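Comments concern the structure below.
The values are calculated or read from the model by the stated rules, or taken from the named source; none is laboratory data. As the structure is a computational prediction, the values presented were derived from the model and not from experiment. Side chains are part of the model used for accessible areas, which takes the heavy atoms of the whole protein and leaves out ligands, DNA and RNA. Shrake-Rupley method; radii C 1.70, N 1.55, O 1.52, S 1.80 Å.
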Amino acid sequence: MSFLIVLVIAVSLSMDAFSLAIVYGTNGIEKKKAIILSLFVGILHFIMPNVGSILGKQFLNGFIVYGNIITALVFLILAI
């Protein structure tokens with residue numbers, strides 16, 4: 001992956017983690033529960049992009065992919 005893609009993924013994940021920190025701070029959750037939830041979210045933020053990268057590479061190796069068609073299908077599904 002190029003440096004720009006890695007940078008964009010890192011920024012988006014940090015923004016998501018920051019929003020969770022804001023929510024935990026404003027809801028008055030117990031410290032132990034906040035730590036457990038933060039660790040769980042952090043682990044998922046590590047695992048999910050790696051799983052997506054591995055599955056994406058497998059998908060690209062197995063099929064001829066047309067980016068515009070896939071993007072249109074994703075947006076169509078989201079719109080429905």
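Taking all protein chains in place and a 1.4 Å probe, what share, in percent, of the accessible surface of the chain do carbon and sulfur account for? Provide the component values of the computation, followed by the final result.
Values: 5340 of 6970 Å².
Carbon with sulfur: 77 percent of the solvent-accessible area.
Just the accessible area per residue of the chain, please: how many Å² with a 1.4 Å probe? Could you put the intermediate results ahead of the total?
Details: 6970 Å² over 80 residues.
That works out to 87 Å² for each residue.
How large is the helix-only mean residue ellipticity at 222 nm for the chain, computed as the sum of -39500 (n - 2.57) over DSSP H runs with n ≥ 4, divided by its residue count, in deg cm²/dmol to the nearest 500?
Working: 3 runs with 70 residues, N = 80.
Rounded to the nearest 500, it is -31000 deg cm²/dmol.
Calculate log10 I(q)/I(0) of the chain for q = 0.12, 0.17, 0.24 Å⁻¹, where I(q) comes from the Debye formula with a single equal point scatterer on each Cα and nothing for solvent.
Calculated log10 I(q)/I(0) at the listed q: -0.55, -0.90, -1.16.
With every protein chain in place, what's the accessible area of residue 57 (1.4 Å probe, Å², nearest 10)?
Counting only protein heavy atoms, the figure is 120 Å².
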